[in-house]
1. Being closer than 29 Å to Ala188 by Cα, among the polar types (S, T, N, Q), surrounded by fewer than 18 Cβ atoms within 10 Å (Cβ to Cβ) and modelled with pLDDT of 95 or more narrows it down to one of Asn432, Asn401, Asn355, so name that one.
2. Of the conditions (1) under 20 Å from His311 (Cβ atoms); (2) in contact with a Lys or Arg (Cβ under 8 Å, 6 or more places away or on another chain); (3) surrounded by fewer than 20 Cβ atoms within 10 Å (Cβ to Cβ), Gly381 satisfies every one except a single condition; which number is it?
3. Looking for something crowded, with 18+ Cβ neighbours inside 10 Å, within 22 Å of Trp408 (Cβ to Cβ), in contact with a Gly (Cβ under 7 Å, 6 or more places away or on another chain) and hydroxyl-bearing (Ser, Thr, Tyr) - is there at least one such residue anywhere in the stretch 190-204?
4. Going through Thr422, Thr428, Thr399 one at a time, which residue ends up being touching a residue at least 24 places away in the same chain (Cβ under 8 Å) and over 17 Å from Ser172 (Cβ atoms)?
5. So which residues in the stretch 316-344 are crowded, with 24+ Cβ neighbours inside 10 Å and in a loop (DSSP other than H, G, I, E, B)?
6. Hey, among the residues in the stretch 289-315 that are among the small types (Gly, Ala, Ser) and within 25 Å of Tyr329 (Cα to Cα), which one's surrounded by the fewest Cβ atoms within 10 Å (Cβ to Cβ)?
7. Of everything in the stretch 237-252, what is in contact (Cβ under 8 Å) with a residue 40 or more places away in the chain and of a type in the set (Val, Ile, Thr)? Give them in sequence order.
8. Quick one: how many residues across the stretch 170-191 are closer than 16 Å to Thr206 by Cβ and touching a Leu at 6+ places or on another chain (Cβ under 9 Å)?
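The values are calculated or read from the model by the stated rules, or taken from the named source; none is laboratory data. Source: prediction; values computed, not measured. Cβ placement follows ideal geometry from the backbone for every residue including glycine, while neighbour counts extend to all protein chains displayed.
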Amino acid sequence: MHTNQVYSELVTVNNGSHKWWHRRWVKIIGTFIILLIVFAVILALVLNFVVFAPKKSETNTTVTASSSPIATTISTPPSLSTTSSLPPPTIISTPPSLSTTTPLMTPTTILIKTTTTTTPVVAPTTTLLETTTPLVAPTTILPQTTVTITTQQLEWSVTGNMNNARFYHTASVLPNGKVLVTGGLVNATSCLNSAEQYDPSTGTWTTIGNMTNVRVYHTASVLSNGKILVTGGLDNSASYSAELYDPSTDTWTTTSDMNTSRFAHTASVLSNGLVLVTGGGGTGGVLNSAKLYDPSTSTWTTTGDMINARHWHTASVLSNEKVLVTGGYFNTSVLISAELYDPSTGTWATTGSMNNARQTHTASILSNGKVLVTGGNGIGGTLRSAELYDPSTGIWTITGNMNYARRWHPASVLSNGKVLVTGGWNFTEATNSAELY
């Protein structure tokens, strides 16, 4: 019985030991499995970041960050070269304040060398992909502004020739826009009474009825009633006669004579409709006297004398209603002086002198109110120069030269604002050339 009891106790002890070992074995196996999993994870990480990581010889990335514009250069292995031509590098500059040592996300300067492929750098672990197409980098397009300055250049151009060569003649713009040319000389001894009209729309000339008297060194003025008043001049001697041309009937009629014979004088139509005649050469020599013609009564009256006696001068009615008289000739001197006539007082006052002394020249009122003076005979001979007078300042400025030097020529302001210069005398003979300013 004792033996059985001992055996039972031994069996009980053995069973307890077996259960203990069984529990230990389960723990050992569990621990091994955990270690195996950890090892597998470590092995995977090693393979991913060490064994299969890109080699340094395959990718070189240089990032330069400083206060200067950022430049990034990426070179790929020869196996990544493309066979298509790449566009020229695109250069983008960033401000100095964007300097950084972190991965670049701002627009960069990308320099593409030979045929390598370039991509922006985003992070150190960015995978570079092979491609055969050009890469488009971020660009900033700066708007361009083009400023065009246009300067108007005043020029002369040739137009149709007159039917008769002439100098010492007159030219007047009619109400219909055509230009009436009268009288003049064709040579040193042949004085004309012929007249012709210029049509600006066609650039052609047409002969019209002759004047009553041959005339040279005379004047022609368009009156407010549309008729043209022709005064004085030379036939065989200084003339004091006057006549009227009617464009509506193409006829000439005589009117009352001037009180004083004169040639190489001026005649200007004032705003009140009267005609101011100044200076000229007469039987007693060069004149400084002035006369007024009234178309409504066909009579002449005396007004104030000029400061200087002159002939071969010009007279122009300004926008302020004053009359500008320029240049001319007195005794043996070519005049450079100018003076102003005030119709409200009948008196004269000096103004700025021209840049060049001249006689037998022309003066035309432009649409801007300035006065264009052209050509004439100067100290050095016949001129082709021109200058402008500004009534607001009393100052003269040089403008473009004519194509031809000329004197004893007329100049007419056309309805299109251009100035027509015709004929005249150059250096040795009369010319039939015409040009526009």
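1. Asn401
2. It fails just one condition, (2).
3. No, that holds for no residue.
4. Exactly one of Thr422, Thr428, Thr399 is touching a residue at least 24 places away in the same chain (Cβ under 8 Å) and over 17 Å from Ser172 (Cβ atoms), namely Thr399.
5. Gly327, Gly328
6. Once the filter is applied, the top-ranked residue is Gly304.
7. The answer is Thr251, and nothing else.
8. Here the count works out to 8.
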